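Down below is the structure, laid out as structure tokens.
The values are calculated or read from the model by the stated rules, or taken from the named source; none is laboratory data. Computed from a predicted model, the values in this text were never measured in an experiment. Positions of Cβ are backbone-derived with ideal geometry, glycine not excepted, and every protein chain shown enters the neighbour counts.
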4 protein chains.
Amino acid sequence: MEKGFTVFPLDMDGLVDVAVVGCGYWGPNLIRNLVESKTCRKIICCDNNNEQLSKVSKRYPNLFYTTDFEEILADGSINAVLIATPVATHFGLAKKALQAGKHTFVEKPFTTSVEEGVELMELANSLGLTLMVGHTFEYSPPVLKIKELISAQELGTVYYISSTRVNLGLHQRDVSVIWDLAPHDLSMLLFWLEETPTRVFAMGKAFVQKGIPDVGFISLEFPGGVIAHVQVSWLSPSKLRRTTIVGSGKMLMYDDTEHIEKVKIFDKGVDFKEPQSFGEFQLSYRSGDIVSPKLDSYEPLRAEVDHFLACVLTGESPRTDAKSGLRVVSVLEAVERSIRNGSSVECVAHDVIA
Amino acid sequence: MEKGFTVFPLDMDGLVDVAVVGCGYWGPNLIRNLVESKTCRKIICCDNNNEQLSKVSKRYPNLFYTTDFEEILADGSINAVLIATPVATHFGLAKKALQAGKHTFVEKPFTTSVEEGVELMELANSLGLTLMVGHTFEYSPPVLKIKELISAQELGTVYYISSTRVNLGLHQRDVSVIWDLAPHDLSMLLFWLEETPTRVFAMGKAFVQKGIPDVGFISLEFPGGVIAHVQVSWLSPSKLRRTTIVGSGKMLMYDDTEHIEKVKIFDKGVDFKEPQSFGEFQLSYRSGDIVSPKLDSYEPLRAEVDHFLACVLTGESPRTDAKSGLRVVSVLEAVERSIRNGSSVECVAHDVIA
Amino acid sequence: MEKGFTVFPLDMDGLVDVAVVGCGYWGPNLIRNLVESKTCRKIICCDNNNEQLSKVSKRYPNLFYTTDFEEILADGSINAVLIATPVATHFGLAKKALQAGKHTFVEKPFTTSVEEGVELMELANSLGLTLMVGHTFEYSPPVLKIKELISAQELGTVYYISSTRVNLGLHQRDVSVIWDLAPHDLSMLLFWLEETPTRVFAMGKAFVQKGIPDVGFISLEFPGGVIAHVQVSWLSPSKLRRTTIVGSGKMLMYDDTEHIEKVKIFDKGVDFKEPQSFGEFQLSYRSGDIVSPKLDSYEPLRAEVDHFLACVLTGESPRTDAKSGLRVVSVLEAVERSIRNGSSVECVAHDVIA
Amino acid sequence: MEKGFTVFPLDMDGLVDVAVVGCGYWGPNLIRNLVESKTCRKIICCDNNNEQLSKVSKRYPNLFYTTDFEEILADGSINAVLIATPVATHFGLAKKALQAGKHTFVEKPFTTSVEEGVELMELANSLGLTLMVGHTFEYSPPVLKIKELISAQELGTVYYISSTRVNLGLHQRDVSVIWDLAPHDLSMLLFWLEETPTRVFAMGKAFVQKGIPDVGFISLEFPGGVIAHVQVSWLSPSKLRRTTIVGSGKMLMYDDTEHIEKVKIFDKGVDFKEPQSFGEFQLSYRSGDIVSPKLDSYEPLRAEVDHFLACVLTGESPRTDAKSGLRVVSVLEAVERSIRNGSSVECVAHDVIA
């Protein structure tokens, strides 16, 4: 694949021995992909909940299991640690893993604050260790196809992007819907546009659990002139994952709930017509073919996991590195601030993530 | 119909003689409905563009035509005037019509400012004339069905509403997409919720025509606790008219582009389960039948026009009266201010529209 | 347009004076298009039902109206007659019109039997008059686009076609759903494939009105190897107009109820892989882009009417001439025979329509 | 569940030791459900292809594996055998299994001929063994909901059923699309209507592989007056699994590719109006609510497997017993005969399956 990240098939001799920390909702997906990856050899699964471990061990009786994170840190054979625990624990666990010399993968969102993330990034840098954040969508075929189209100027100048990620549940108890669902859209936006918003304007509200917003409307301004809107909700009758990108040349819809036509490119737009005489300019609406391009059909998480293993082996910097994780966290912080203050908020331009 | 407004069949002897001012894009729809209405007798069509008039006269050779608005004012036989001109002219034309003693219907948006609207309202009141604003959606079967459901507490407490009204074009030259498309959603929201938002938070941008935003993201806070989002755009690959209403009891989707299942009621929601012992509460997700109720099938504009004629005859106050038009204008003003200032804006609580 | 039939804009001086016979359900559509056509001058509307006439005359007060068909025959100024009456009357009316020297347009289905149709065709030929049948779909943008694709071998060899035309109502009293709905699909099939089926296999049944089937399943074999299925029904919960065409190269779906993506071309198929060694051949499934081509956006009936008028003026043979009408009638007869006999039926190869 | 078949939770002490024969495409699904079933203890997986076995054993390292079917027959601990091999081998394997005293489950279609099926049925009867056929759809929530609605006369008298089961591939090498896909629809039809068709009318054709039809149009007449159509294809651009049931009272659509609204009930129909005076009767079209009922959400295969295990333990006769399998096979034979002969075919009324 020429997508800018190393991935399978990986013609290398090396094999990686890993630990997965957190075997609740998401961890088992990492484990499944690690089991099927040819680059991964030994897998230790770690969770402080014994019940979770025993569920996983029924499916994968040949892996190793422990409830003791310290055991992993002490295990010299383990090269890399993948962390899929609640976000509040990311910083502590990742810090320990890095300090123990392990290459580290952290699920999204990276950390609960920019401050935490910067500390991890600097630690990894100083130790020469891989630190990667699990922005899975940046490895998914439709998102990569869209990146390709935008880069190739197929859409012309991007005007605005509108994204909706709503469904019924699952209410988290520790983080709001902002931190739960918006990281997906934000990582896509930042990946596509290659810039971080300068201003954020958000409204959110907690309906079911006190103090934990389950609905959010997020408006974003990017330095290059693009505006964007992201709607997230745990309270919606239908599951929607729909992103519209409007450019000066073409327009695009990406519906991740579709099986077949996930991406549709509309050859539509508005063209200026020069005023014929001394009159006003004319607008004409163009409406051509609609194309749903063939997409690769691998599992994004598989590419992500393989990319992490490849980075561990080669020392290459991961596509979704700590900086990329930090950018998303910085926007999440701004969104939260905007909701709390009921006002628009500047996104702080941290030097480290510039 | 028991919808709270008088309408066909109208068992009255009286007949109304009317003038329609503005025969461009929308006027002919008013004319068609007036022609088919049994309550309307004489129709004068007025436009300063002769070409427009002659187009209409080909279709309706038996109506009267004039380019001179003053002629209408002077015509004692004309009881009522319907104004379907660009919004900037609403105030001037309506004021003259009222001063000439004509009952007046003004297309949405009512006026370009609250100030103008208040003056018209007071003038009509002082003269005892009917003054109605063309919020057509408040006469449409799906919108009325939703009103009925909300009033009957079928959805429980309304949490939030999200509405999308986007398509490609038509760019207006005098008003932004905010004033062009948002009045529809705002009039529905205010009609359903029976309150006016207290705070508005909007982002919009002009991509095609300088200074005239063609995309807008509008977030609204209502005094009763509901939040809402309205997205409007003249730059979108697909025509969407979709409103989601989430309540504590049920959820609802309204898609005005559907022919058959315009409204779908989802018996879905989140329920609390009392903590069994000393533990945490549990959330459980409920998912029952989905019902698409049968809707009446008349044309909303027809009901609206008939309601106006009925009010003229009976002196009854129209459902979408000047106050209703003013409320929408007051929100539009706030939205525009918010876009211009890049900040959240309080909706001024005008006494007159309280 | 290079579609093989002459149509607007028609740069001719001549104007045609016409009569429309039958002003019930369909006739007014012909009238509307004739009124808007620049080639048509005088229009007489004829119906033996005075009520129908007065409905139409309200909309078009400037046309001529009569209940007397003989009057039209006698009117020397009338060049052409368009017949939109129940099918049982087509033969008698068209025969008289031709005998009176009028160019004649007959709505589909052409006649109630091949015998009738042949007589009309021969009469028109002997008198040098235009005789055209109203197979409107052969003038519609999606059907023409599909014709173009098939002719250009874009789909490869056509394997099979499956078409569904079902909705709730309207039950006809004089003809079955076969004669009411199937002519559309059959005219498309014969137009695309340029051949007439050799064998027909149909099942149908009358559920609501005794003796008048309201549901039909029609299977067809074409001499070139294509098979086809047409399902028609007046008893269906949803309105479906959906045709699938499967070729050796690509596949196509045509959904006439869609506003935007009426035609979708799927770059999908099965490819043989040569056996590697002495093994079995391999099948591989190909799945590429899906394209919804931009279509022209005129009204098919308008093109049809204009084509008729052009043929009247130029003497050109119409695209949907009597032969084309006869071919469809011959299949309808075979379908009916098959339903009655409960067996498969050979389509008689009439010399005249070969 | 009150659906007429015993299933989970199964409050029994007994446990069943089983063998699954055939670990290719479908077998692993049986295995997965057996592994998760609490009623199943020991599982032997058998396939003559070692590669298939080793694939499965990687996922389930704790099961038993063998390439020798005789070994299973000889293993006294094995109570039951589940056969998921190509249909041509069903008869031979099932006969041996029964003769060895094993309760036997055979995947659909049951056998390649009625003759074979009758022999197996009689053998099982004479030995007092359970013999069940894997008509999975008869255990699926939407199909059971539809059965419930039909039984409760919710649809009124069923008029006709139209079913479409098409997709691209997978071409089988040993059986046509008729034997591969139609068993699903036929088993549903026979289950819902509780009768076997008397006449079959089918057209099919082999496009990709010589002699093995990959497209079929099947028309069926049932003794009670229902007609039905089933379309099956391995050559279709889209995957469709759509069944329409039209009754005198209501109409229903079942789309198995939908996640949420699999079943929709339309309160639609045609009603007679008594002639007012001496006139004709009037038809009026009724169009009420559309309801998508909540469905149970278990996996049908799981219920099927559990039901088999329950029947083994209790001696109860399975819902989809040999007779049920035979009825489907008898229709498949008739369909094949109809395609070969190009004519309509009577369904032989075998005494045994009457």
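Annotations
- The residue that is modelled with the lowest pLDDT, counting only those in the stretch D:311-354 that are of a type in the set (Gly, Ala, Ser) and over 19 Å from the mean Cα position of the chain (by Cα), is D:Ala349.
- Residue check, C:Val226 among the aliphatic types (A, V, I, L, M), within 25 Å of the chain's Cα centre (by Cα), away from chain D (no Cβ under 11 Å) and closer than 22 Å to C:Glu154 by Cβ: no
- Within the stretch D:135-162, the set of residues being in a helix (DSSP H, G or I) and of a type in the set (Gly, Ala, Ser) comprises D:Ser151 only.
- D:Arg173 passes every criterion in (1) more than 14 Å from every other protein chain (Cβ to nearest Cβ); (2) at pLDDT below 95 apart from (1).
- Test: residue in the stretch D:168-177 that is out of contact with any Lys or Arg (no Cβ under 9 Å at 6 or more places or on another chain), under 20 Å from D:Ala303 (Cα atoms) and assigned by TED's automatic domain parsing to the domain that holds D:Ala334: no
- Every condition in (1) surrounded by fewer than 22 Cβ atoms within 10 Å (Cβ to Cβ); (2) acidic (Asp, Glu); (3) more than 14 Å from chain C (Cβ to nearest Cβ) holds for D:Glu138 except the one numbered (1).
- Residue within the stretch B:302-315 that is without any contact (Cβ under 8 Å) to a residue 12 or more places away in the chain and either more than 14 Å from every other protein chain (Cβ to nearest Cβ) or of a type outside the set (A, V, I, L, M, F, W, C) (or both) present: no
- Out of B:Ser163, B:Ser219, sole residue that is closer than 28 Å to B:Thr111 by Cβ, buried (at least 21 other Cβ atoms within 10 Å of the Cβ) and within 8 Å of another protein chain (Cβ to nearest Cβ): B:Ser219
- Residue within the stretch C:233-256 that is assigned by TED's automatic domain parsing to the domain that holds C:Val166, in a strand (DSSP E or B), in contact (Cβ under 8 Å) with a residue 40 or more places away in the chain and farther than 19 Å from C:Ile146 by Cα present: yes
- Inside the stretch D:105-119, residues that are surrounded by fewer than 20 Cβ atoms within 10 Å (Cβ to Cβ) and among the hydroxyl-bearing types (Ser, Thr, Tyr) make up a count of 1.
- Residues satisfying the criterion are absent from the stretch D:56-74 (criterion: assigned to a helix (DSSP H, G or I), touching a residue at least 60 places away in the same chain (Cβ under 8 Å) and of a type outside the set (Lys, Arg)).
- Some residue of the stretch D:290-308 being under 26 Å from the mean Cα position of the chain (by Cα), at pLDDT 95 or above and among the polar types (S, T, N, Q): yes
- Residues in the stretch D:190-216 that are on the phi < 0 side of the Ramachandran plot and more than 9 Å from chain C (Cβ to nearest Cβ): 14 in all.
- Qualifying position, being hydrophobic (A, V, I, L, M, F, W, C) and under 28 Å from A:Lys264 (Cα atoms), among B:Phe222, B:Phe201, B:Phe191, B:Phe207: B:Phe207
- Screening B:Leu186, B:Leu168, B:Leu181, B:Leu149 for residues that are surrounded by 18 or more Cβ atoms within 10 Å (Cβ to Cβ), more than 9 Å from chain A (Cβ to nearest Cβ) and more than 29 Å from A:Ser338 (Cβ to Cβ) leaves exactly one candidate, B:Leu149.
- Residue match in the stretch D:236-256 (condition: away from chain C (no Cβ under 11 Å) and hydrophobic (A, V, I, L, M, F, W, C)): no
- Filtered by the rule that a residue be acidic (Asp, Glu) and at pLDDT 90 or above, the stretch B:231-283 gives B:Asp255, B:Asp256, B:Glu258, B:Glu261, B:Asp267.
- Once the stretch A:283-301 is narrowed to residues that are among the charged types (D, E, K, R) and farther than 17 Å from D:Pro237 by Cα, the residue that is nearest to the other protein chains (Cβ to nearest Cβ) is A:Asp289.
- Taken together, the residues in the stretch B:80-128 that are under 13 Å from B:Val20 (Cβ atoms), out of contact with any Leu (no Cβ under 9 Å at 6 or more places or on another chain) and not in a helix (DSSP H, G or I) amount to 0.
Residue by residue, here is whether (1) within 30 Å of C:Pro141 (Cβ to Cβ); (2) outside any loop (DSSP other than H, G, I, E, B); (3) modelled with pLDDT under 95 holds:
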site: C:Phe8; (1), (2), (3): yes, no, yes
site: C:Tyr25; (1), (2), (3): yes, no, yes
site: C:Val35; (1), (2), (3): yes, yes, yes
site: C:Ile44; (1), (2), (3): no, yes, no
